Each structure stands twice: as structure tokens, then as C-alpha cells.
1. Just to make sure I understand: if all protein chains stay in place, what is the order of 43, 142, 63 by accessible area at 1.4 Å, largest first?
2. Which value, in debye to the nearest 20, describes the size of the charge dipole of the chain about its Cα centre when Lys and Arg Cβ atoms bear +1, Asp and Glu Cβ atoms bear -1, and nothing else is charged?
3. Could you tell me which of rounded, prolate or oblate describes segment 98-146, using a ≥ b ≥ c as the square roots of the eigenvalues of the alpha-carbon gyration tensor, with rounded for a/c under 1.5 and, failing that, prolate when a/b is larger than b/c and oblate otherwise?
4. Quick one: dipole size for segment 1-43, taken about the Cα centre, charges +1 on Lys/Arg Cβ and -1 on Asp/Glu Cβ, in debye to the nearest 20.
5. Which value results for Rg/Rh of the chain when Rg is the Cα radius of gyration and Rh the Kirkwood radius based on the inverse mean 1/r?
6. Got a sec? What order do 146, 141, 41 fall in by accessible area at 1.4 Å, biggest, i.e. largest, first?
7. In debye, nearest 20, what is the charge dipole magnitude of segment 65-138 about its Cα centre with +1 on Lys and Arg Cβ and -1 on Asp and Glu Cβ, if you could check?
8. Among the aspartates and glutamates, which have Cα under 19 Å from the Cα of residue 54 when same-chain residues fewer than 8 positions away are ignored?
Amino acid sequence: MEERKLSFQDVPSGYQLCFNSKCPKADECLRYQSGMLAPDTMTQGAAIYPAACKNGACQYFRTCKPVQMAYGFNNLYRHLPSPLASMARMRIRAFLSSGMSTYYRYHHGERLMSPRLQQQILDIMAGYGSTEGLSFDHYVTTYDFT
């Protein structure tokens, strides 16, 4: 995976930033590194307070390393007979939300699936056969702001 430098343009609007330089994990935290990239013109916004860091651990810590995010489901269904593909699609839609919009966003790349979500979906697909060799339609190397 290619190394990709974090830029403030990568940070989603409203993402909670951290400015706690005393946190023992500040150097490897996505929230802290994003906060350090905030422009001088930014004077307010969502933040993680220093009290979130208890005994050297923060519940809001996010690793500041690029990961393989994914989108698109067509490749998952290709190996299944039509009735099973339809059942798997309905199961994944139900898992993602009660409606179509979340599934649609993940399918068309408007939202990206984190490695954890990818594994959860592959676990669902395991109920319909082997997941060996299964892949999502597209992969993107980026930071996981979920």
C-alpha cells in the first residue's frame, strides 16, 4: 500500500479534532494529527476534550495510517446463483440499514467501507458459500475517519 500524507482537505466536515498534546498517543492519532493541520482561519468546531484521555487511553483514538477502504458489491454476488445472490443482497441491505440509501451509498462509493465493515460483510457472505477470492468492486487507500 502506498504511503499517503494526511492533508486537512481529507478531513470530513464536522470531524471531531483533538488538540491534547499531552496525550501519550497524540503522535499516532488521526484526530490529533488532523487538528494540527487545521488552518489558522479555523476558530471553532467539534473537538475531543482532554478529559477523554484516562490512564493513557482515549476512547476516541483513531490510528493515523492509511487503510484500504472499499465500495461496490457486484463482485460479491457474481459467484452465487441468482436466488442466493438476491438473498445475500437483501441480508447486506438489512445489515447496513433499514432502507436502500445506505446500501446505495456504499455501492456507488459515496461512502467507503472501513476494513472492519468489509470483514463484517464478508462474514455475512460466508453464510452463502466460501468467501475465498471474494473482493469488493473498488478499493481506495485513504484514512479511516469513521
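The values are calculated or read from the model by the stated rules, or taken from the named source; none is laboratory data. From a predicted model like this one, the values you see are computed outputs, not experimental measurements. Please note: Cβ atoms are built from the backbone with ideal geometry, for glycine as well, and neighbour counts cover all protein chains shown. The protein model used for the area step is the full one, side chains on, heavy atoms only, and it has no ligands, DNA or RNA in it. Shrake-Rupley method; radii C 1.70, N 1.55, O 1.52, S 1.80 Å.
1. From most exposed to least exposed: 43, 63, 142.
2. My answer is approximately 360 debye.
3. Taking the square roots of the gyration eigenvalues as a ≥ b ≥ c, segment 98-146 is oblate.
4. That gives a dipole near 180 debye.
5. 1.06
6. 41, 146, 141
7. 160 debye
8. 27, 28
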